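Where a number appears in this text, it was derived from the coordinates with a stated rule and is not lab data. Being a predicted model, the structure only gives us computed values, none of them experimental. Here the Cβ positions follow ideal geometry from the backbone for every residue, glycine too, while neighbour counts run over all protein chains shown.
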Amino acid sequence: MVTIENLHKKFGKNQVLSGVDLTITDGGIFAVLGPNGSGKTTLIKSVLGMVIPNKGTITVLGEDIKKNSDYRHKIDYLPQIANFPSNLKVKELIKMIKDLRKSTTEDQRLIELFKLEPFLDKKLGNLSGGTKQKVNIVLTFMFNSPLIILDEPTTGLDPISLIRLKDLIQTEKTKGKTILITSHIMSFVEDISDEIVFILEGKIYFKGSIQKLKTKTNQPDFEHAIASILTDNHA
Amino acid sequence: MKHLFSFIAAILMASSTIAQTIEVCKSCPISSLKDAITQAKDFDTIIVKKGTYKEYNIIINKPLTIIGKKYPVIDGELKGEIITIISDNVTVDGLFIINVGTSYTEDYAAIRVQKSKNFFIQNLVLEKLFFGIYIEKSRDGKVFHNKIIGDAVEEYNSGNGIQLWYSKNIQIEHNFVQHVRDGIYLEFSDDCLIKNNVSTLNVRYGLHFMFSNDDTYQNNTFENNGAGVAVMFSKRIKMYQNLFKENWGTASYGMLLKEINDAEIIGNIFEDNTIGINIEGSNRINYKHNTFTNNGWAIKVKGACYTNKFIENNFLYNSFDIAYNSNVNDNEFNKNYWSNYTGYDLDKNGIGDVPYRPVKLFSYIVNRTPETIILLRSMFIDIIDFSEKVSPVFTPDDLLDNNPQIKKLTW
Amino acid sequence: MLKILKYSFYDLMRSRWSYVYFAFYLLLGVVLLFLNNDLSKAVITLMNVIIILVPLIGTIFGVMYYYNSKEFTELLLAQPLKRSSIFLGQYLGVALSLSMSLILGLGIPFMFYGLFKSSAIWDFSLLLITGTFLTLIFTALAFNIALSNENKIKGFGYAILLWLFLAVIYDGLFLMTLIMFEDYPLDKLSLVGTMLNPIDLSRTLILLKLDISALLGYTGAVFKQFFGTNFGLIVSFIMLTVWVVLPVLRITFKAKKKDF
């Protein structure tokens, strides 16, 4: 599905990614983890073409992304911070995005699922962070693309919505889609992900199942396994 | 009774001599103008019928009236001068004269008046000419309603439409002159009246005065000439109600004044000229009730000009109102309307409360470096003009209109 | 791109700034007509105002819109859309809404004053065309500045500086150069100098209309050809178009290279 080879990216003097090699196979949920500033978002944005790498190649669905930007129609992306034009109504925003991408009826189901009906006529500037995130999720999931990239999808969500989001991700997985997630919530990651990609100092430190990680680090649970990686490397 | 008798006798006698009319046509006994003149007696009338007469060097040496019917053509075939009048009391009317010879040594004219009085030249059409109507050392004549159309391109090989030389008291009215060197040219000619003429598209000047005094020109139109009117080395010229329009070009003026004293310039309109009036060394001139519209420079003053008065004129939308090349001023500007005036009139008396300074610093800069004209209307230029206005350094300090009008003047 | 243009345009039409500018131009038109009582004179005054004011409004508004619509841009970037169409769409949205404010704001009072029956209609059309060109140019320059500067304050600073330079300082330097080299033939230099500044370029277009009598007073042959024939008009319009195209190209180029 996605192949990354020898990816380098520098912001000014700050080397964020230094030689990332990663292959993501078709189907399944992949969690990209790492400490703050390790380059998770940069990696994801590189895949999306929002960050232009200094070096390296990225192939999505067999196509080099430098050559053609059409591949982006096959990706649904949930940005980390939901920044929306504040003077737009929720309804209008959904309509606009549909107009810009393609028509879909999926939005109705998702709006019901996240109980957004009362907010449809409100301006986005007046919404709480959690509600905005729900709108963000609706916008992402309403298109039926084979690759879904979620950057911190849990931010600001209440427990019920979180459960719904998990269910949603699971259903998408059963449809055979590939889902790429970054998150800080370890329990969330542990719950849903099939495989983990751990980035440290701009490189892939670990890639594999949670079980494999636990074995490798000799820790009984996932959170401690992650913590041990970090302490080992900083010690 | 005796008086009456002698009066009738006189009339009879006169009619027996004057009333004789000679007809000229191709099939008549007399088929050329020259023959007709030879055979005619004093005060006869020669009628030239329609047709083409290939003649030149026609000399009118006795008082005759020559009338063309339906514009007969006198074709000089480029051989030289066509008609020369050397007698008093000659009238020439209604001829179509073409193909005057060109020479670099002699000024051939379509019709020349030499040392004669009381001549009357009217309704002529002149084409393909060198000089048109040339009047020398003559007086008391009239040149009326002629049409002169030349094909001049360069100054050196073309002549003037109507030229006066050492002549006095000539009236030039309702003529139409085009495409010659100078439309009308006066040299050493005094007391002439030039009225209701249209002089356009001439290579040099529409009207040109040299060493001529006490002349008047009024209600003429000068359009699209090399320069409209040049008045040089002359005194007491009156210029009333003329229109000077679209005289465009590098050395182009509506009017050029050079060494002119005691003239009156009243009620003229200067429109779309590069320079409305260019003044050099001219003194004691009254400018009144003139309108300057859309000229590059309404008035450009060069050299020493003293005690000129500019009173009650309209200056409308000129790129520059007045340009001086020095910072001394002895001329008076008063009660004019300036469309560029930005002052106010708090006491509502129709006169601006702040004096107007018609000379801008920028006109001084352009005078020095002409290419800077390209910066006209730039904000930077506005700023430096403003600072000069506040404290004049390069422009005459006392050049002010103390009573600028708030509304456009009408008379 | 057209869809983005549409949404940017709607977005702007919704914001009060478009109305503020519309109202400003409307007021300007009405006041000038009221004070001058004369269509031709009002057009002349307006020309002087337009070539200074439109660039200022274009730059400030362009920079402001770019920074204010960051969220919208981010949202769009998350969608599978071409980068160049996102930015060009936004640029055109701003430029067109500004041009519309200008044309309607000035057009309405002049229309009521009997523009169509007046001889000033050509001057007025030239004025609006020039104004639109200047809006397109300076909004594009503003987008360039904003794209290159993440820092808002810096961006605004550069925008104002750019305007000040092109509107005033450039002419000052230009004048000094001309005076310094006055012993040499300068007509080519002065024309080239004019071409390099869009404000000067628009000014020449206006000079061609208002001050042709004065311009023809100068001797240079190049000058004469430029101002005496339609050559000047054509070259000026071509150069104005170049001035629109170059910054717009840089917007697409910059947008492609930028990380978000």
| remark: Label model pair B:Asp42, C:Phe116: point-to-point distance (7 angstrom along the Cα→beta-carbon line) in nm is 7.4
| remark: Quick P(r) readout (chain B; Cα-Cα; 20 Å bins; whole %) gives 26, 44, 23, 8, 0
| Ranking of C:Arg16, B:Arg368, A:Arg72 by count of other Cβ atoms within 10 Å, fewest first | C:Arg16, B:Arg368, A:Arg72
| Nitroxide proxy distance, nm - points 7 Å out along Cα→Cβ at A:Gln15 and B:Leu78 | 9.2
| What is the P(r) of region B:142-248, as percent of Cα-Cα pairs per 10 Å bin from 0? | 18, 53, 28, 1
| said: Calculate log10 I(q)/I(0) of region A:2-234 for q = 0.08 Å⁻¹, where I(q) comes from the Debye formula with a single equal point scatterer on each Cα and nothing for solvent. | reply: -0.31
| said: Nearest 5 percent is fine: what portion of the DSSP beta bridges confined to region A:2-234 is antiparallel? | reply: 55
| Dimensions (Å) - the protein assembly as shown, Cα atoms, principal axes, largest first | 162, 67, 52
| request: Sort by residue number and report every cysteine in chain B with no other cysteine beta carbon within a distance under 4.7 Å. | output: B:Cys192, B:Cys305
| message | Among A:Pro35, A:Ile192, A:Ile226, whose Cα projects farthest towards the positive end of the dipole of region A:2-234, with charges put on the beta-carbon of Lys, Arg (+1) and Asp, Glu (-1)? | response | A:Pro35
| said: Using a 10 Å cut-off around each Cβ of peptide A:83-90, what is the average number of partner chain Cβ atoms that fall inside? | reply: 5
| said: Please compute the Kirkwood hydrodynamic radius of region B:341-400 from all pairs of different C-alpha atoms, in Å with one decimal. | reply: 12.8
| query | Does region C:127-260 come out rounded, prolate or oblate, given a ≥ b ≥ c as the square roots of the eigenvalues of its C-alpha gyration tensor, rounded meaning a/c under 1.5 and, failing that, prolate meaning a/b above b/c? | reply | prolate
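Could you pull out every whole DSSP H run in chain B that spans at least 18 Å of Cα extent along its own axis and averages 1.0 or higher on the Kyte-Doolittle scale?
Result, helices passing both filters: B:2-18.
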| query | Based solely on its DSSP helices, what 222 nm [θ] is calculated for the protein assembly as shown when runs of n ≥ 4 H residues each add -39,500 (n - 2.57) and the sum is averaged over all residues, nearest 500 deg cm²/dmol? | reply | -12000 deg cm²/dmol
| field | Test item: C:67-76 mean partner chain Cβ contacts at 10 Å | value | 5
| request: Give, as ranges by residue number, the residues of region A:1-20 whose backbone N falls under 15 Å from the point 7 Å along Cα→Cβ of C:Lys154. | output: A:11-14
| Over region C:186-260, what is the relative contact order in whole percent, taking alpha-carbon pairs under 8 Å and six or more residues apart? | 32
| remark: Listing C:Trp163, B:Trp165, B:Trp411, B:Trp297 by rising number of other beta-carbon atoms within 10 angstrom, fewest first, gives B:Trp411, B:Trp165, C:Trp163, B:Trp297
| field | Under 12 Å from A:Lys173, Cα to Cα: aspartates and glutamates that are on another chain or at least 8 residues apart | value | A:Asp26, A:Asp194
| Rounded to the nearest 20 Debye, what is the dipole magnitude of the protein assembly as shown about its Cα centre when Lys and Arg each give +1 and Asp and Glu each give -1 at the C-beta? | 2240
| remark: Dividing the surface of the Cα convex hull of region C:2-257 by four yields a projected area in nm² of 15.1
| task | Calculate the mean, over all residues of peptide B:361-368, of how many other protein chain Cβ atoms lie within 10 angstrom of the residue's Cβ. | result | 1
| field | Inter-site label distance for A:Ile52 and A:His184 at 7 Å from Cα along Cβ, in nm | value | 3.1
| note | Contour minus Cα-Cα span, C:Val192 to C:Arg250, at 0.36 nm per residue, comes to 18.6 nm
| Mean projected area (nm²) of the alpha-carbon convex hull when region B:198-254 is viewed from all directions | 3.5
| query | If we restrict to alpha carbons, what Rg and Dmax does region A:37-106 come to, in Å? | reply | 14.8, 41
